[in-house]
Structure formats: C-alpha cells, structure tokens
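Below: one structure, written as structure tokens.
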Amino acid sequence: MWEVDEELYQKVLEFLPYFVEEEKPLSVSIIQRKFRVGYTPVVIVFDKLEEEGFITGYDGGNPRKILKLK
C-alpha cells in the first residue's frame, strides 16, 4: 500500500476552500500543476480525502465535489 505524503495532504486540505469560494472543479491535474507533483501522490491524497469524507469519489473524468472543509 502506498503511503500518503502528509505534507501534500495538508497543502491540498488547506487549498480546498479556494475551490468552494471560486466555484472551481477539483481535479488531479489542477493539484498536480498547483503543487508541481506527479499523478500518483495526488491520487493517494485524493483517496485519503475521499475516505475521510472531504470529497466525492472518482466518477470517470468528472471533477470531484467538495463535501466538507473541516
């Protein structure tokens, strides 16, 4: 099992309000560009955020929805 990059996890968690305020879609590619990281670390962070109820699950190529901020 892959380990979550806790630093990246915290950065993404702190960045979630931006997507709500700006009504922007949340996607792996946006996070990759914002934090200059690869695909796999972001997907692992997204999996953890999903498990903890912060975002919706994977739905094809559609952006994730934010369910809660804290």
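The values are calculated or read from the model by the stated rules, or taken from the named source; none is laboratory data. Computed from a predicted model, the values in this text were never measured in an experiment. Heads up, the Cβs are rebuilt from the backbone with ideal geometry, glycines too, and the neighbour counts pull from every protein chain shown.
Structural remarks
- Any hit, the range 10-23, residues being surrounded by 15 or more Cβ atoms within 10 Å (Cβ to Cβ), more than 12 Å from the chain's Cα centre (by Cα) and not in a helix (DSSP H, G or I): no
- With respect to (1) loosely packed, with under 12 Cβ neighbours inside 10 Å; (2) in a helix (DSSP H, G or I); (3) not charged (D, E, K, R), the lone exception for Trp2 is condition (2).
- Test result for Gln32, exposed (fewer than 12 other Cβ atoms within 10 Å of the Cβ), outside any loop (DSSP other than H, G, I, E, B) and either at pLDDT 90 or above or touching a Pro at 6+ places or on another chain (Cβ under 9 Å) (or both): no
- Count - residues of the range 1-37 that are touching a residue at least 12 places away in the same chain (Cβ under 8 Å), among the aromatic types (Phe, Trp, Tyr) and within 18 Å of Lys70 (Cβ to Cβ): 3
- Gly38 on the phi > 0 side of the Ramachandran plot and surrounded by fewer than 16 Cβ atoms within 10 Å (Cβ to Cβ): no
- Remark: pairs (first residue in the range 38-65, touching a residue at least 24 places away in the same chain (Cβ under 8 Å); second residue among the aromatic types (Phe, Trp, Tyr); Cβ separation under 6 Å; 6+ apart in sequence or on different chains) = Ile44/Trp2; Val45/Tyr9.
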